[in-house]
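Quick notes on the structure that follows.
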Amino acid sequence: MKRYASLAAGLLLLVVGSTARAEDAKPFITNKDVDLTMILPPPPANDSAETKAELGEVLTMQVTRTPEMEARAIADAEENVWRFADVMGPNFNKDKLPKFSAFFDRVVETEGAVVDPAKDVWKRPRPHQLSDLVKPVVKLSSSGSWPSGHATVGTMMGIILSDMVPERRAQIMARAAEFAHNRIVGGIHYPSDVEMGKISGSVIAAVLLNRDDFKAEYDVARAELRSDLGM
């Protein structure tokens, strides 16, 4: 999947500027602002050598994953920032951070608003839809596999959270990478879906961090978080 990494450098040049959305809209942006079908390449064909090789990788993971890995993948099926609690510490919880929580709810909504329309265009079948041998341990999904929404939102959350707490950037981004990888562990995505999700999340986060409406809510959420963490 290393060949996909070279895409990231030029992707932001393809993202057009956008106007602020109404204050009562949940996502900060939608696919009208960032059209992934104009940024990512199409997925490999179902009968391609690449897809067959990726099915092999998924099946290899299926027979090598441990119960602990499965439990982690099942827990990470939840799309919310609180999955980073294990690297953020005991004070990192929803009850203590209402403004931060509301802000990241909008971040999660943004992922769906941008990624879901692209999934519907490409309609890449999930691994278990192409092979009966694949037995996911996470909740099944019939939405398109390309790109991974979980990898996208995990990367978005990791970038934004580490921007708020740069002192823990290494741990946060490692956790974001694990969150994304657990879609392969869970048997619900191909490795290339996850790579495309990481690129998508990086692009979306970069766009968000340059929007005035986003930055206004970001500043409030960041202040609440750092105060709660004693930073």
**Report entry** Dipole of the chain, positive direction: furthest Cα of Met173, Thr51, Ser227, with charges on the beta-carbon
**Finding:** Thr51
Report task. Using a 10 Å cut-off on Cβ atoms, rank the peptides 142-150, 95-103 from the highest mean neighbour count down. Result -> 142-150, 95-103
Query raised in the report: Once you sort the root eigenvalues of the Cα gyration tensor of the stretch 96-226 as a ≥ b ≥ c, which label holds: rounded (a/c under 1.5), prolate (a/b larger than b/c) or oblate (the other case)?
Result: prolate
Report task. Report, in whole Å, the centroid distance computed from the Cα atoms of the stretch 36-50 and the stretch 78-135. Result -> 22 Å
Report summary line: Quick shape check on the stretch 60-163: root eigenvalues a ≥ b ≥ c of the Cα gyration tensor, a/c under 1.5 is rounded, otherwise prolate if a/b tops b/c, else oblate, and it reads oblate
**Report entry** Rounded to 10°, Cα long-axis angle of helix 191-208 versus longest principal axis of the chain
**Finding:** 20 degrees
Query raised in the report: When the chain is treated as a GNM, springs tying every alpha-carbon pair under 10 Å, which of Thr66, Thr152, Thr30 comes out with the largest mean-square fluctuation?
Result: Thr66
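For a quick check of your reading of the filter: which trypsin sites (Lys or Arg not before Pro) in the stretch 134-203 sit in a DSSP loop and have no more than 15 other Cβ atoms within 10 Å?
Here the sparse-neighbourhood loop sites are Lys139.
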Report summary line: Toy charge model, Lys and Arg Cβ at +1, Asp and Glu Cβ at -1: the stretch 15-130 dipole around Cα centroid in debye, rounded to 20, equals 100 debye
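Values quoted throughout were computed directly from the atomic coordinates according to the rules given, and no laboratory measurement underlies them. Everything quoted here is computed from the prediction, not taken from an experiment. Positions of Cβ are backbone-derived with ideal geometry, glycine not excepted, and every protein chain shown enters the neighbour counts.
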